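Notes follow the structure.
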Amino acid sequence: MTEPPPAPKLPVSLAANPKLSSWIRFSTEGHVTISPGKVEIGQGIVTALAQIAADELDVDIGRVQLVRASTAASPNEGVTSGSLSVQQSGRAIRQVCAEVRQIFLGVASDRLGVGIEALDVKDGTISGPGNIRTSYWELAEEVSLERDAIPGAIPKPSAQRVLAGSSVQRVDIPDKVFAHPRFIHDSALPGTLHGRVLRPELYGAKLVALREDAARGIAGFVNIVRDGNFVGVVSETEHSALTTLGALRKGAAWSSGETLPDEDGLAEWLKAQPVESTLIDRKTASRANEKTRTIRRQYTRPYIAHASIAPSCAMAQWTQDRVRVWTHSQGVYLLRTDLALVLNLPIENITVEHLEGAGCYGHNAADDVALDAVLLAKAAGGRPVRVQWSREDEMSHGPFGAAMAIEVEADLDAHGEILDWRHSIWSNGHAARPGRAALPALLAGTELANPFPRTISANPPQANGGGGDRNSIPLYDFPAWQIESHRLLTMPIRTSALRTLGAQGNIFAIESFLDELAAERGEDPVALRLRHLRDERARDVIRSVARRANWKPQKQSGTGYGIGFGRYKNTGAYCAVIAEIEGAQDISVRRLTIAVDVGEAINPDGVINQIEGGAIQATSWVLKERVRFDRQRITSNTWTGYPILRFSEVPDVDVELIQRPECDSVGAGEAAHGPVTAAIANAVFDALGVRVRNLPITRDSLIASMELTA
Amino acid sequence: MPHVRFRLNGVETDVEADPDRSLLDILRGDLHMTGPHFGCGVNECGACNVMVDDHAVASCDTPLWSVAGKEIVTPEGLGTAGRPHPLQRAFIAEQALQCGYCVSGILMSAAALLKRNPKPTAAEVKAALDRNLCRCGSHNRMVRAVLRAAAELEAP
Ligand code: FES
Ligand code: FES
């Protein structure tokens with residue numbers, strides 16, 4: 001008996017927003033407008049989506065226009081994160097276009113009097129036998145898309161797609177190269193005023209007194225807004241806003257702040273906090289009696305800053321009790337939800353529109369500055385107010401990626417084979433995005449006279465890839481394991497989603513530990529991994545990278561090679577990395593060879609670009625980055641205090657893309673971070689015989705690890 | 001307020017403003033040129049770079065008075081979509097950016113490099129761009145783009 005085929009289902013984003021017209025419109029002039037709910041954050045999403053639409057509709061890509069997300073019109077696709085843009089938006093748009101194409105063909109068939117199967121579409125022109133023809137554009141007014149998508153339309157098989165799989169040039173790049181205003185930072189509205197917010201230097205300090213007279217006397221002064229600890233200025237010009245802010249700062253007296261942890265004892269501190277413990281996964285086997293010994297190691301990573309190259313920026317404008325907000329937030333609907341909570345307004349009164357910002361790499365201050373702008377714009381007499389954070393505030397008041405302490409323990413048999421594996425994580429939650437909880441998660445909300453409590457970061461559920469536990473379940477076939485996650489219930493340092501959430505830390509721990517075991521056994525680390533992997537796609541990226549890097553190259557003194565592997569979220573992109581490093585006191589990464597499998601790569605060069613970028617950013621995390629603080633304040637609030645990798649320090653990055661047109665597309669933006677981290681640490685061990693278990697790998701941490709080894 | 005005169009992208013320009021204000025603030029705030037970007041305000045990131053007499057400088061750290069009589073080029077003055085500078089063509093050809101916020105400053109550093117050294121090596125390009133930060137990790141593509149532009153400039 002054969003099972004009936006499962007009933008067709010709509011892709012998630014489309015099921016949540018079924019109205020076809022919310023995704024797509026045709027103009028009589030020959031354009032098709034696509035309206036995704038996901039936003040451009042430098043990952044090239046608008047281009048990939050245009051490719052998908054053009055392919056499915058059979059129109060030239062030049063006819064496809066993408067509109068920016070807005071709560072006024074766009075489908076609600078939640079947040080642009082987790083490398084899900086192509087996966088979610090792309091699948092929905094492909095499905096919408098497949099159905100819409102059928103709808104048009106149906107109408108054309110009636111009009112032309114021939115069956116649908118006799119019709120063909122070329123660049124939007126629908127033609128049939130004997131030179132009969134019409135087009136999307138001709139039928140645009142006749143065909144109503146004010147209807148819900150119906151499951152069942154079948155998109156083209158991958159072999160019939162022309163653009164998917166080809167490296168179409170990104171549509172946003174010319175504007176950026178010719179300095180056409182495209183960023184929110186550069187988009188002035190007529191009559192714009194400028195706002196700045198005064199934030200305390202000491203973490204959590206309260207405003208005790210404020211003298212305003214000097215500030216009020218400055219040319220261009222418009223207003224001061226004060227509500228509890230929230231204080232900001234509105235001025236005619238940016239220059240005046242900054243000068244006024246300076247005067248206000250001089251007139252402000254603050255209480256002492258909250259105590260921060262000791263930055264040199266982070267692991268101990270993390271493990272001493274009250275936590276919520278979750279058993280992430282357990283696998284049992286009954287060979288415990290063969291156990292001859294147990295090895296335990298601890299790995300840590302520090303707090304890491306998003307450190308966008310552009311300080312966060314937003315604009316807002318009130319008209320009576322309605323407000324319009326322009327933001328580079330990753331989720332316009334989610335931000336709207338939180339704004340409504342803070343303002344105590346119905347959501348219909350708030351419109352949130354996306355404008356591009358610089359790369360954000362997760363939940364940075366984009367949403368916070370939007371609330372700042374909304375609060376300051378209340379005092380602007382209906383004029384728009386633009387607020388931009390300072391570099392210092394961006395690097396100290398925005399959320400950080402959470403510090404992690406990870407213990408890995410393995411029971412080994414007499415041959416050094418793994419019998420049981422235990423992995424425990426201590427970390428703050430990795431997500432406190434707006435729009436998800438009953439209370440708002442926006443900074444200024446905690447500063448008001450009637451403050452909202454600070455949101456303690458949570459972890460997304462395992463089904464969404466998890467948070468601190470992301471990538472903590474081994475992909476290897478160990479006979480038994482137990483994975484536990486301990487999420488802190490205190491949060492003196494604000495954390496939220498940073499690229500990969502916990503995956504970078506967990507992959508660093510797993511892949512370092514495996515390397516330690518391989519070294520103990522005297523086994524080649526590539527062979528050891530292959531021996532424990534059953535998934536052919538996983539084995540493929542490892543074999544490919546090994547081939548490409550000529551694993552294992554002859555070692556010269558002062559150089560080393562290491563491998564790292566991961567499948568992002570255990571469900572996304574496969575990525576294997578071989579790092580070549582050199583150095584003794586200061587490590588430099590010379591080359592990263594990478595093999596990656598994202599399923600069907602819609603835009604291969606776009607995928608490679610993201611992998612390269614992720615690899616270089618991860619190298620920066622590993623060699624340089626650590627949020628610094630004393631017991632009262634974040635001290636790494638400049639580029640000098642928080643250095644990132646520079647041009648002269650960047651490794652060569654060589655990427656091999658394994659195309660699998662038959663597999664669903666998954667995102668590439670976060671695939672490289674974990675494997676690169678582990679590969680570098682393993683290469684350091686190969687070069688120096690020193691195992692660095694505490695990131696970042698700096699001269700200091702090398703010396704500390706050497707002392708431990710000695 | 002005193003007047004300060006300079007040439008901006010080839011055009012005689014006269015600004016009446018406090019001469020201690022930064023060139024970045026004047027360009028963006030008074031002259032509405034959004035090519036130079038604010039990144040840090042203290043000469044640590046290069047997002048605001050412009051060329052002053054063929055040298056790349058951080059406009060956030062350049063007071064207005066110091067550019068009196070000088071020749072200033074901003075990203076807007078480098079080339080246009082119709083008549084692109086070889087660097088702009090090369091950055092498109094190499095798809096040499098992700099978010100692109102850092103690019104305007106990087107184009108300025110690169111343009112200044114090619115003026116003084118039309119045939120740079122990869123190491124020289126990296127050295128010339130070393131004060132420009134890019135958080136997206138587009139460095140290698142940018143270096144390739146600058147080398148490509150240099151090759152194009154050299155070709156007859
Ligand atoms: S804004 Fe001028 S160097 Fe950063
Ligand atoms: S491309 Fe985003 S900072 Fe350079």
In the stretch B:16-62, the residues that are more than 16 Å from ligand 2 (Cβ to nearest atom) and charged (D, E, K, R) = B:Glu16, B:Asp18, B:Asp20, B:Arg21, B:Asp25, B:Arg28, B:Asp30, B:Asp53, B:Asp54, B:Asp61
Has the stretch A:335-355 got any residue that is assigned to a loop (DSSP other than H, G, I, E, B), within 14 Å of another protein chain (Cβ to nearest Cβ) and either surrounded by 24 or more Cβ atoms within 10 Å (Cβ to Cβ) or under 20 Å from the mean Cα position of the chain (by Cα) (or both)?
-> yes
Considering only residues that are more than 7 Å from every other protein chain (Cβ to nearest Cβ) and without any contact (Cβ under 8 Å) to a residue 60 or more places away in the chain, look in the stretch B:86-100 and name the one that is nearest to ligand 2 (Cβ to nearest atom).
-> B:Ala96
Please find, within the stretch B:101-129, the residue that is farthest from the chain's Cα centre (by Cα) out of those that are within 16 Å of ligand 2 (Cβ to nearest atom) and hydroxyl-bearing (Ser, Thr, Tyr).
-> B:Tyr101
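Name the residues in the stretch A:370-422 that are assigned to a helix (DSSP H, G or I) and either within 16 Å of ligand 1 (Cβ to nearest atom) or within 26 Å of A:Arg282 (Cβ to Cβ) (or both), would you?
A:Arg391, A:Glu392, A:Asp393, A:Glu394
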If we scan the stretch A:356-379, do we find a residue that is surrounded by fewer than 22 Cβ atoms within 10 Å (Cβ to Cβ), farther than 30 Å from A:Phe478 by Cα and of a type in the set (Gly, Ala, Ser)?
-> yes
Within the stretch B:130-156, the count of residues that are more than 9 Å from ligand 2 (Cβ to nearest atom) and either out of contact with any helix residue (DSSP H, G or I) (no Cβ under 9 Å at 6 or more places or on another chain) or among the hydrophobic types (A, V, I, L, M, F, W, C) (or both) comes to 11
Here are some conditions: (1) farther than 26 Å from B:Asn117 by Cβ; (2) over 15 Å from the mean Cα position of the chain (by Cα). B:Thr34 meets all but one. Which one does it not meet?
-> (2)
Residues being without any contact (Cβ under 8 Å) to a residue 40 or more places away in the chain and either surrounded by fewer than 19 Cβ atoms within 10 Å (Cβ to Cβ) or assigned by TED's automatic domain parsing to the domain that holds A:Val666 (or both) - total across the stretch A:147-175 = 4
Sole miss for A:Glu662 among (1) away from chain B (no Cβ under 14 Å); (2) over 25 Å from the mean Cα position of the chain (by Cα); (3) part of a helix (DSSP H, G or I) is condition (3)
Close pairs from the stretch A:292-319: first modelled with pLDDT under 95, partner in a loop (DSSP other than H, G, I, E, B), Cβ under 7 Å, at least 6 apart = A:Thr292/A:Asp413; A:Thr292/A:Ala414
If you check B:Thr121, B:Thr74, which single one turns out to be more than 11 Å from chain A (Cβ to nearest Cβ) and either over 24 Å from B:Glu154 (Cα atoms) or at pLDDT 95 or above (or both)?
-> B:Thr121
Filtering the stretch B:113-136 down to residues that are within 16 Å of ligand 1 (Cβ to nearest atom), under 11 Å from A:Val650 (Cβ atoms) and touching a residue at least 12 places away in the same chain (Cβ under 8 Å) yields B:Leu129, B:Cys134
Go over the candidates A:His354, A:His363 one by one and state the one that is modelled with pLDDT of 95 or more and in contact with a Pro (Cβ under 9 Å, 6 or more places away or on another chain).
-> A:His363
Do you know which residues across the stretch B:29-78 are more than 10 Å from ligand 1 (Cβ to nearest atom) and part of a loop (DSSP other than H, G, I, E, B)?
-> B:Leu31, B:His32, B:Met33, B:Thr34, B:Gly35, B:Asp53, B:Asp54, B:Ala68, B:Gly69, B:Lys70, B:Thr74
Odd one out for B:Gly79, checked against (1) away from ligand 2 (no atom under 16 Å from the Cβ); (2) under 12 Å from the mean Cα position of the chain (by Cα); (3) surrounded by 24 or more Cβ atoms within 10 Å (Cβ to Cβ) = (3)
Look at A:Gly669 and say whether it is outside the structural domain of A:Pro157 (by TED's automatic domain parsing) and either within 20 Å of A:Gly560 (Cβ to Cβ) or surrounded by fewer than 24 Cβ atoms within 10 Å (Cβ to Cβ) (or both).
-> no
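The values are calculated or read from the model by the stated rules, or taken from the named source; none is laboratory data. For clarity, every value in this text was computed on a predicted model and none was experimentally measured. All Cβ positions, even for glycine, are placed from backbone atoms using ideal geometry, and neighbour counts span all protein chains on display.
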